[in-house]
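Please read the structure below before turning to the comments.
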Amino acid sequence: MASVAEVRAAVDAALQQVTESQAAIQAAREKLGEAQQSLAAALDGSANDAVGAAHASLSQADQQLEECLGATLLAIEQAQTYTATL
Amino acid sequence: MSLLQELGAQLRATSDELPTGLVTVAMERLRSATDLLNWVRQTSVDPIGVPQLGNAIEHAEHAAAALRLAQDAIAAYLAAVGLSGDPGGGDQDWRQGLKRSEEPAPAPDAAPPPPEKLGSWWRKRVEELTGEAPPAATQSESAPEPGKTDTAELLRKVAGGVRSGDRAKLGRDLHAVSASSGLALSAVTSPVLRRLAGDLLGHEPRADDVGRLRSAAAGRVKSLLPGAPPAVLETLIARVCRAPAPEGAQTHPADSAVTASVLTGVLLARLGRDESSLDPAAPEPLRQPDPQRRPETDG
């Protein structure tokens, strides 16, 4: 039979996964920033459509990661509120 | 090296270093967390953050797609200026999850982390999946919980057990780790599975490869995990092939992690590789030169 301690442990284990995903997202955003700088330096002055598409995709990826991070923060807050009621 | 060649090399390196692997790892950890919270809240009206995690996964999926589009755009540019669009370093995402995470060392006077309380929950499910009972020493309520294990090392052990068809060893290896170490298998295996499936198929896995991968792996997975719901393997294969995952009944949070690790071992065995090839420092394995190569059917 499950106990409050087990429920809390399961939520904690889930939050640990979320925290680790946040670390991966942060690291991804740093690498993305480096890639954007590298691309901008290498392709400065190019009018090729593909270059514009690459820049736009990288910006979009970064924005999505930022929103992903925001959603994980809300999820953690809600899960912690729940465990506080147990 | 000409100026143009130098530019091409720089762009290929930028494309290869885009963090697709990190985003995949993050996405799998979020899926694993969602599975766990869904399991907890089955009969509760409180969402416990699950809808927010669903949003987070969706954003991560969009980010991964945007990164792939950026890689395609760089390849298109390289082709337009007369350079090969193929990235030079190959798909390196699979190494990302296998790298040991660099956690800061705890302060000397810091209290030890609290023991995990999910050990019996994890071992019970491992027993149901593998049919192998946990060792007697771990069955007592007072038995100490295992500490954190390197998940990449666990994956190599599981792959070794799968390769030798040794279900008892598979059960022992899975019973010997904590729930959090076991659940982390999901994040580690995802990019590895896509890479191994690509090597087996001779091309990047596509939606129409689901049947071929299923026939190459399902029988062996079933023999090693007789208690695993078939929908778990179907979902994993669909994700590998970036095909829509089947809608189905909710599964236990441990199922995806365990089944993914066994599927990794099965694909490795099909490729004739051993578990040492899962070392992130291992040299790049040779890919099949024949693009028409078909994976042999399971059975």
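The values are calculated or read from the model by the stated rules, or taken from the named source; none is laboratory data. Because the structure is predicted, anything quoted here is derived from the model rather than measured. When we count neighbours, we look across all protein chains shown, and the Cβ atoms used for this are built from the backbone with ideal geometry, even at glycine.
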message: What pairs come out if I take residues in the range B:73-85 that are at the interface with chain A (Cβ under 7 Å from one of its Cβ atoms) and under 7 Å from A:ALA50 (Cβ atoms) and pair them with residues that are at pLDDT 90 or above and not in a helix (DSSP H, G or I) whose C-beta lies under 7 Å away, six or more apart or interchain?
response: B:TYR77/A:ASN48; B:ALA80/A:ASN48
- prompt: Got a sec? Which of A:GLY33, A:GLY45 is within 18 Å of B:VAL23 (Cβ to Cβ), more than 8 Å from chain B (Cβ to nearest Cβ), exposed (fewer than 14 other Cβ atoms within 10 Å of the Cβ) and not aliphatic (A, V, I, L, M)?
  reply: A:GLY33
- prompt: Does A:ALA40 meet the test of being closer than 30 Å to B:LEU7 by Cβ and more than 8 Å from chain B (Cβ to nearest Cβ)?
  reply: yes
query: Got a sec? Which of B:ALA254, B:ALA207, B:ALA184, B:ALA282 is without any contact (Cβ under 8 Å) to a residue 40 or more places away in the chain and closer than 17 Å to B:THR151 by Cβ?
result: B:ALA282
message: So, B:LEU69, is that one modelled with pLDDT of 85 or more, crowded, with 21+ Cβ neighbours inside 10 Å, assigned to a helix (DSSP H, G or I) and not basic (Lys, Arg) or not?
response: no
message: Need the failing condition index for A:ALA56 against (1) surrounded by 14 or more Cβ atoms within 10 Å (Cβ to Cβ); (2) small (Gly, Ala, Ser); (3) facing chain B (nearest Cβ under 7 Å), just the number.
response: (3)
field: Enumeration of residues in the range B:244-282 that are polar (S, T, N, Q) and in a loop (DSSP other than H, G, I, E, B)
entry: B:GLN250, B:THR251
- request: Determine whether the range B:135-155 contains at least one residue that is at pLDDT below 85, of a type outside the set (D, E, K, R) and closer than 30 Å to B:ALA9 by Cα.
  value: no
statement: Only one of (1) without any contact (Cβ under 8 Å) to a residue 60 or more places away in the chain; (2) more than 7 Å from chain B (Cβ to nearest Cβ) does not apply to A:ARG8, and that is (1)
query: Do we find a residue being under 24 Å from B:VAL81 (Cα atoms) and over 17 Å from the mean Cα position of the chain (by Cα) anywhere in the range A:72-86?
result: no
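Every residue, every condition in (1) buried (at least 23 other Cβ atoms within 10 Å of the Cβ); (2) within 8 Å of another protein chain (Cβ to nearest Cβ); (3) modelled with pLDDT of 90 or more; (4) in contact with a Cys (Cβ under 8 Å, 6 or more places away or on another chain), yes or no:
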position: B:GLN10; (1), (2), (3), (4): no, yes, yes, no
position: B:VAL25; (1), (2), (3), (4): yes, yes, yes, no
position: B:ALA65; (1), (2), (3), (4): no, no, yes, no
position: B:GLY89; (1), (2), (3), (4): no, no, no, no
position: B:GLN96; (1), (2), (3), (4): yes, no, no, no
position: B:ALA110; (1), (2), (3), (4): no, no, no, no
position: B:LYS117; (1), (2), (3), (4): no, yes, no, no
message: Criterion first (within 8 Å of chain B (Cβ to nearest Cβ) and buried (at least 19 other Cβ atoms within 10 Å of the Cβ)) does A:ALA79 satisfy it?
response: yes
